[in-house]
1. Does residue 106 fit the bill of being more than 40 Å from the chain's Cα centre (by Cα) and of a type in the set (Val, Ile, Thr)?
2. Just wondering, is there one or more residues in the range 141-161 that are of a type in the set (D, E, K, R) and surrounded by 13 or more Cβ atoms within 10 Å (Cβ to Cβ)?
3. Could you give me the residue pairs with C-beta distances under 8 Å whose first residue belongs to the range 139-152 and is closer than 14 Å to residue 167 by Cβ, whose second residue is not hydrophobic (A, V, I, L, M, F, W, C) wherever it lies, and which are 6+ apart or on separate chains?
4. Residue by residue through the range 29-39, note down the ones that are in contact with a helix residue (DSSP H, G or I) (Cβ under 9 Å, 6 or more places away or on another chain) and either modelled with pLDDT of 75 or more or assigned to a helix (DSSP H, G or I) (or both).
5. Scanning for something farther than 30 Å from residue 181 by Cα, among the polar types (S, T, N, Q) and either at pLDDT 90 or above or outside any helix (DSSP H, G or I) (or both), does the range 7-25 turn up at least one residue?
6. Out of everything in the range 33-82 that is closer than 19 Å to residue 11 by Cβ and polar (S, T, N, Q), what residue ends up being surrounded by the fewest Cβ atoms within 10 Å (Cβ to Cβ)?
Amino acid sequence: MISSKDTVKKAFQIAAKKKVYIEGNFVKLLADTSDEEVRLYIDECKKKDRANRRKRLDITKQVQSQNKDLEEAAVIKEALVIELQNALEETEKAKAEAEKLRDEAVEDLELIQKRTQFELIGTIVRVALVIIIGVGILTTAMYGLALMSGADTQIIGSTWSNMFGILLTNAFSIVGTIMGVKYATEKD
C-alpha cells in the first residue's frame, strides 16, 4: 500500500493543477489516512475510477453490441451475395438459352425463305417453259397447217425458224436470270 504522505500529497497537488487523478489498480493501493485532505483526494480518486470504469464498461458493451450487429449484417450480406451470384448465373443461362433460340429461329426463317424462293423459282421456270413449249407447239401446228394447205410457206418457214430461235433464247435467258438471282442471293 502507498502510504507515504509525500507521495499522496504530490499526487494531490498534480490533481489540483492538472485535473489528473490516480486510477485503476493504484487506487486500491492507497492507504486510508487521518489527513482530511488526503482522504478527500483518495475518495475523489476512487469515485473517478468507478466512473471511468463504468464508462469503459459501457463503451465495451456498446462495442460488443455493434460487433454483434456487424457480424449479423456480414452473415446477411454473405447470403445476399450468394443469392445475387445465383441470380446472375441463372440470368446468364437464360440469356444463353435465349440466344440459342434466337439463332435457331433465324436459321429456320432463312431455311423457309430459301425454300420459298426455290419453290417460286421452280414455279417461274415451269410457267416459262410451258409458255415457250406452248408457243412452239402452236407455231409448229400453224406451219404444219400451212404446209398441208399448199400455201406459200417461204415466209412462214423463216418466221417459224426465227420464232423458235427467239423462244429458245428467251427460255435460256429466263433460266439464266433466275439461276443468277438464286446464286447472287446466297450468302456464300
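The values are calculated or read from the model by the stated rules, or taken from the named source; none is laboratory data. This structure is a prediction, so every number in the text was calculated from the model and none was measured. In this analysis, Cβ positions are derived from the backbone assuming ideal geometry, glycine residues included, and neighbour counts consider all displayed protein chains.
1. no
2. no
3. Correct list of pairs: 143/153; 143/157.
4. 37, 38
5. Checking the range 7-25: not a single residue is farther than 30 Å from residue 181 by Cα, among the polar types (S, T, N, Q) and either at pLDDT 90 or above or outside any helix (DSSP H, G or I) (or both).
6. Filtering first and then ranking leaves 34.
Residue by residue, here is whether (1) of a type in the set (Gly, Ala, Ser); (2) within 30 Å of residue 177 (Cβ to Cβ); (3) modelled with pLDDT of 80 or more; (4) in contact with an Asp or Glu (Cβ under 6 Å, 6 or more places away or on another chain) holds:
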| residue | (1), (2), (3), (4) |
| --- | --- |
| 66 | no, no, yes, no |
| 75 | no, no, yes, no |
| 81 | no, no, yes, no |
| 92 | no, no, yes, no |
| 129 | no, yes, no, no |
| 149 | yes, no, yes, no |
| 161 | yes, yes, no, no |
